[in-house]
Structure formats: C-alpha cells, structure tokens
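Some notes on the structure that comes next.
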Amino acid sequence: MKKVLTIAAMAIVGFAAKAQTPSSTATQTVNLNLSNAIELTFTGNNSATGAAVNLAFNTVNDYANGVESANQELKVRSNRRFGVAVKTSAANFTYTGSVTPAPAMPVSVLGIKVMANSTGGTIATPFSTTAYAPLSATSANLLTNCSNGGNQTFSIKYEAEPGFTYPAGTYTTDVVYTATQL
C-alpha cells in the first residue's frame, strides 16, 4: 500500500511539474516629453491672420454715431494658463487717399468690446462687455488668468468713431492680439 501511495504521489508531483508553463517578461520605459504649446487663431478662417474688417462710413449718422463691426471670434489652444493682450501696430492709422499731406488719425478712434468670453479668464480693465475701450499702440491686457485647454474662445467687436474731422479715404491699422502662457 505504501508503494501505491508513493507512486500516486510521484504521479501527482510529476503532473504538477509538467502543468507549469515557462514564461519571461520584458519592461520598457516610455517617456512623454511635453513642451509648452500655445496657439491663437481666428475661428472664421482658422488662421492667425483674421479676415479684414471693413467699417464703412456712408451717412452723416455713421460719422455722428460711429460704426460697429460684426463679432470677431478668436480661439486659444494652450497646455498652460494664459493671458491675451491687444494693441495696434502703430499709433496712427495709415492713410490712402487724395489728401496731402496725409491726415494723422489716432488709433484711439477705434475701440473694442468683449462680446463673449469662454476662456475661464477675467476681462481686464479698461475692457468690458458693456462699453468700448479705445485701442492704442501700447500693449494692454485684454484677458487674464485664462484656463488651459484646446478650445478657449472669446469674441470681440470693433467700433470706430472718427467724427467729422478726417477727409474721405481708407484708414488702416493692424490690431495685434498676443496670447502668452503664465
């Protein structure tokens, strides 16, 4: 009987040894090397250069009351919190017309108002959602402490009030928006 139990025990041990499957493992480290990234575009054309905004002064009421643009929407994609500043490219508009010498219209006749803000940030003074603030060639904070994300949008509207001082012609300036990570 002892022999039978010994043979049975050996058979179980042999079977258990054969039931084990050999294995091997390998390990590899994967590093994600992220850089800070930020992009500012106009949603109308998905470009950093927005379409030209033309404000036409056709009637006396346009000169007396000013002319507004349509909403202009911009989008920021950033992996860090950010702010947006605004300025014009020069202190005066560039004039194209028939009057010489060229009249010097200051860019302060052009104002902006924030129409919508989905950036998670704060609208900086003197800008607001209720009144137009004049632009200048000096950079000014428009939005501060905005949230990082891939679809942070805001909309602005322009209004020009040059009054009756300037002769007919085309007056041009570039409005420059700069998004900067905090």
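Run Tyr158 past the list (1) under 17 Å from Ser69 (Cβ atoms); (2) of a type outside the set (Lys, Arg); (3) surrounded by fewer than 14 Cβ atoms within 10 Å (Cβ to Cβ) and report the number of the one that doesn't hold.
So Tyr158 meets the others, but not (3).
Would you mind finding the one in Asn31, Asn46 that is at positive phi and modelled with pLDDT under 95?
Of Asn31, Asn46, the one residue that is at positive phi and modelled with pLDDT under 95 is Asn46.
Scanning for something at pLDDT below 95 and either within 15 Å of Glu161 (Cα to Cα) or in a strand (DSSP E or B) (or both), does segment 125-138 turn up at least one residue?
no
Can you run down the residue pairs with Cβ atoms below 8 Å, 6 or more apart or on separate chains, where the first is in segment 71-84 and of a type in the set (S, T, N, Q) and the partner is surrounded by fewer than 16 Cβ atoms within 10 Å (Cβ to Cβ) and outside any loop (DSSP other than H, G, I, E, B)?
Note: pairs meeting the criteria are Asn71/Met115; Asn71/Ala116; Ser78/Ile38; Ser78/Glu39; Ser78/Gln181; Asn79/Ile38.
Every residue in segment 47-82 that is surrounded by 13 or more Cβ atoms within 10 Å (Cβ to Cβ), of a type in the set (Gly, Ala, Ser) and farther than 18 Å from Ala133 by Cα, please.
Gly50, Ser78, listed by residue number.
Filter segment 87-123 for residues that are β-branched (Val, Ile, Thr), free of Cβ contacts under 8 Å to residues at least 24 places away in the same chain and assigned to a loop (DSSP other than H, G, I, E, B) and give the result.
Thr100
Residue under question is Gly44, and the condition is that it be buried (at least 16 other Cβ atoms within 10 Å of the Cβ) and in a loop (DSSP other than H, G, I, E, B); does it hold?
Here the answer is no, as Gly44 does not meet what is asked.
In the list Thr88, Thr41, which residue meets the criterion of being touching a helix residue (DSSP H, G or I) at 6+ places or on another chain (Cβ under 6 Å), closer than 20 Å to Leu143 by Cβ and either modelled with pLDDT of 95 or more or of a type outside the set (Ser, Thr, Tyr) (or both)?
Thr88
Does Ile112 satisfy being closer than 15 Å to Tyr158 by Cα and either modelled with pLDDT of 95 or more or not β-branched (Val, Ile, Thr) (or both)?
The answer is yes for Ile112.
Scanning segment 129-145 for residues that are among the small types (Gly, Ala, Ser) and free of Cβ contacts under 8 Å to residues at least 40 places away in the same chain, which turns out surrounded by the most Cβ atoms within 10 Å (Cβ to Cβ)?
Only one residue fits best here, namely Ala133.
The values are calculated or read from the model by the stated rules, or taken from the named source; none is laboratory data. If you're wondering where the values come from, they're calculated on a predicted model, not measured in any experiment. Here the Cβ is made from the backbone with ideal geometry for all residues, glycine too, and neighbour counts use every protein chain on show.
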